[in-house]
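The next block holds one structure in the form of structure tokens; read it before the comments.
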Amino acid sequence: MKQHELSLLLCLLWALTLLYGEMFAYWVPPLFTCSWPHLLRSSSSSSSTVQTDSGNYQGDYVKVAVIADPQLMDKTSLRLPARSLALELAEFYTDLNMRRSFFASVLPFKPDVILFLGDYFDGGPSLSDEEWQESFSRLKHIFGLNAQGKYRDMPVYYIPGNHDIGYESLHSLKPEVIQRYEEAFGTRNYKFTVGKVDFIAVDAQTLDGHPQNHLTSQTWDFVKNISVGDVVHPRVLLSHIPLYRRDDTYCGPHRSSPIINQRIHHAINGNTNEISYQNYVSEKSSKYLLDTIKPKLILSGHDHDLCTVTHQSKSGSVNEHTLGTISWQQGNLYPSFMLLSVDNSTLQKASIPEEALLTHLCYLPMQTHIYIWYIVLFILTLLATLFWPTSGTSLWHQCCGLVGFCKQLIACTFSRSETKEKDEDANYEYEMMWDAEGTMHLVKKPLNPSTVNSNDRGLGERGNVVMRAAARKNTPQEGDHSVNVDIASGIGVDPVARMPLRTGKSKTKIIIQRLIRTLRMLTVIAAVNVPLYMMLLFKDWIDK
């Protein structure tokens, strides 16, 4: 392969890699791998598509996109100095990945409602007001929110997470954390309705606090108030922290990390023992929530990985879906989000619990694997430009030579597997004879005893070939044959490796020439692909 052909091939390979890793990979969920669950159900069987006066089966649902744990990186994430270049690069690429995931993978589904399940920041309670506002601005930029954290054409709902407001032990020390959260995201405990389903959002970080704590009492008062009277619509419980489950409970086939069992840590603050961390709501609080709210579905986050479990309550069994994080930097190689179809039908039979809430899990591109492939391709590019033969033959001739070499290899393999001829064949020699028309013939002649003995000492020889001229006019042809054999044997081999080095040409000079060639080819590849990469970055980063 000539130098310009190798450069063109590498440029094309890099361009395709960048286009897929920076753009096409994010188109895969909406185009191929994911769909709204009510659309999947209606297309799976013709009986599921029911025509009504207001529309068909597909139009009887409100589409809700559910996102968990963006957890924006900050100075507390990697223990990097604030404003350092390393931290800013980590923040940029993490934010860019989530922005692409949201705009290219989530929004193309055209959801009617966006629902966030908490943990919008990583070190939210530890940030100063200025740092917190800066992180909040990044969050709005990533998810295309306006100054009030809303969309013009669709409602957005939030619930608080432990990385946003902390736990009980922090609330008594830094009450301003709760205040600035509510100013930006609204109240922590509230109820809203989507379609014909009620959503109950609770502040899970305060559920297991001390009963005299005013934040804990607020949460439980809210739970009691919304449970008064009959339940008219199916309910969905929203809790950032998952409800209690026994240790080593199986989380389903979608989980990729080990199961994390119950952990509750306490901190002594004065005369009280307050919660400083927990990864599940306590068993008592979980049971009370289930029996009081009577949800048909529970959505939670916090775990950064997927988990589907079934709880038992007085009203029957309830499924809880713990969603994985949408960020590739939060310990999960497989970021994801959920599509939730919520009943909005006027038909009585469409409001049964099994049809009222349909869920479908969607996976996002594995960004870590994309970056690993970038590194592998860079190494392969260096090796190719450094060690590729300097032969002037074109790519077509190299391919022909490779095909010829493969044929020879196959023929050699099959010849070795054949049975050996009789030993008496070694007692003969073959003489090449040309007739007047230039046709070559092999003539078998017996060997002299001395020749036979010498052949016996050979390494596996079965006969000799002696070439003799039968007609003088064929002598030039003999020379042509010998030249052709030499050329054929060198197909696909670097001429520099077959020919002796010229006088005065040292190895140092060859190395310098290779390095210059490598630098020249890398410059060409970079000149084509760096502008493409920068264009893809700015295309996704600029506000739309």
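Tabulated data
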| read-out | value |
| --- | --- |
| THR187 of a type in the set (S, T, N, Q), open to solvent by 10 Å² or more (accessible area, probe 1.4 Å) and out of contact with any strand residue (DSSP E or B) (no Cβ under 7 Å at 6 or more places or on another chain) | yes |
| Whichever residue in region 10-30 is of a type in the set (A, V, I, L, M) and touching a residue at least 24 places away in the same chain (Cβ under 8 Å) and, among such residues, is farthest from ASP95 (Cα to Cα) | LEU10 |
| Where ASP343 falls short, out of the listed (1) in the same structural domain as ASP119 (by the TED database); (2) modelled with pLDDT under 75; (3) among the charged types (D, E, K, R) | (2) |
| From GLU274, GLU283, residue being over 25 Å from GLN329 (Cα atoms) and buried (at least 18 other Cβ atoms within 10 Å of the Cβ) | GLU274 |
| Residue match in region 321-338 (condition: in a strand (DSSP E or B), assigned by the TED database to the domain that holds LEU117, of a type in the set (A, V, I, L, M) and more than 24 Å from THR206 (Cβ to Cβ)) | yes |
| Residue ranges of helices (runs of 4 or more DSSP H) in region 146-197 with at least 3 members closer than 25 Å to GLN278 by Cα and free of Cβ contacts under 8 Å to residues at least 40 places away in the same chain | 176-185 |
| Total residues in region 1-28, condition open to solvent by less than 40 Å² (accessible area, probe 1.4 Å) and not aliphatic (A, V, I, L, M) | 7 |
| Any hit, region 220-230, residues being among the aliphatic types (A, V, I, L, M), within 23 Å of LYS63 (Cα to Cα) and out of contact with any helix residue (DSSP H, G or I) (no Cβ under 9 Å at 6 or more places or on another chain) | no |
| Selection count where residues are farther than 19 Å from VAL232 by Cα and in a loop (DSSP other than H, G, I, E, B), scope region 301-320 | 6 |
| Selected residue (only one of ARG180, ARG152 is open to solvent by less than 30 Å² (accessible area, probe 1.4 Å) and either of a type in the set (D, E, K, R) or not assigned by the TED database to the domain that holds SER345 (or both)) | ARG180 |
| Lone qualifier among GLN133, GLN179 - being polar (S, T, N, Q) and closer than 21 Å to GLU91 by Cα | GLN133 |
| Residue within region 289-299 that is in a loop (DSSP other than H, G, I, E, B), surrounded by fewer than 24 Cβ atoms within 10 Å (Cβ to Cβ), of a type outside the set (S, T, N, Q) and in the same structural domain as SER105 (by the TED database) present | yes |
| Single residue of ASP69, ASP74 found to be at pLDDT below 95, touching an Asp or Glu at 6+ places or on another chain (Cβ under 9 Å) and under 24 Å from TYR334 (Cα atoms) | ASP74 |
| Close pairs from region 287-299: first at pLDDT 95 or above, partner of a type in the set (Ser, Thr, Tyr) and open to solvent by less than 10 Å² (accessible area, probe 1.4 Å), Cβ under 7 Å, at least 6 apart | ILE298/SER239 |
| Test: ILE268 is buried (at least 16 other Cβ atoms within 10 Å of the Cβ) and assigned by the TED database to the domain that holds TYR93 | no |
| Residue, most open to solvent (accessible area, probe 1.4 Å), within region 300-316, restricted to residues that are at pLDDT 95 or above, out of contact with any Cys (no Cβ under 8 Å at 6 or more places or on another chain) and hydroxyl-bearing (Ser, Thr, Tyr) | THR310 |
| Options SER42, SER47, SER54, SER84; residue that is among the polar types (S, T, N, Q), out of contact with any helix residue (DSSP H, G or I) (no Cβ under 7 Å at 6 or more places or on another chain), more than 24 Å from PRO155 (Cβ to Cβ) and at pLDDT below 90 | SER47 |
| Filter result (at negative phi, of a type outside the set (Gly, Ala, Ser) and open to solvent by 40 Å² or more (accessible area, probe 1.4 Å)) within region 77-114 | LEU78, LEU80, PRO81, LEU85, GLU88, LEU89, PHE92, TYR93, PHE103, LEU107, PRO108, ASP112 |
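Let's see how each residue does on (1) modelled with pLDDT of 95 or more; (2) within 26 Å of LEU40 (Cβ to Cβ):
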position: SER101; (1), (2): yes, yes
position: LEU115; (1), (2): yes, yes
position: PRO125; (1), (2): no, no
position: GLY144; (1), (2): no, no
position: GLY161; (1), (2): yes, no
position: LEU173; (1), (2): no, no
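The rows are residues; the columns are (1) modelled with pLDDT under 60; (2) not in a strand (DSSP E or B).
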position	(1), (2)
LEU358	no, no
LEU361	no, no
THR393	yes, yes
TRP396	no, yes
ALA411	no, yes
SER415	no, yes
GLU421	yes, yes
GLU429	no, no
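The values are calculated or read from the model by the stated rules, or taken from the named source; none is laboratory data. Note that the structure is a prediction, hence the values are computed from the model and not measured. Ideal geometry is used to build each Cβ from the backbone, glycine not excepted, and the neighbour counts take in all protein chains shown. The area values use the complete protein model at the heavy-atom level, side chains included, leaving out ligands, DNA and RNA. Shrake-Rupley method; radii C 1.70, N 1.55, O 1.52, S 1.80 Å.
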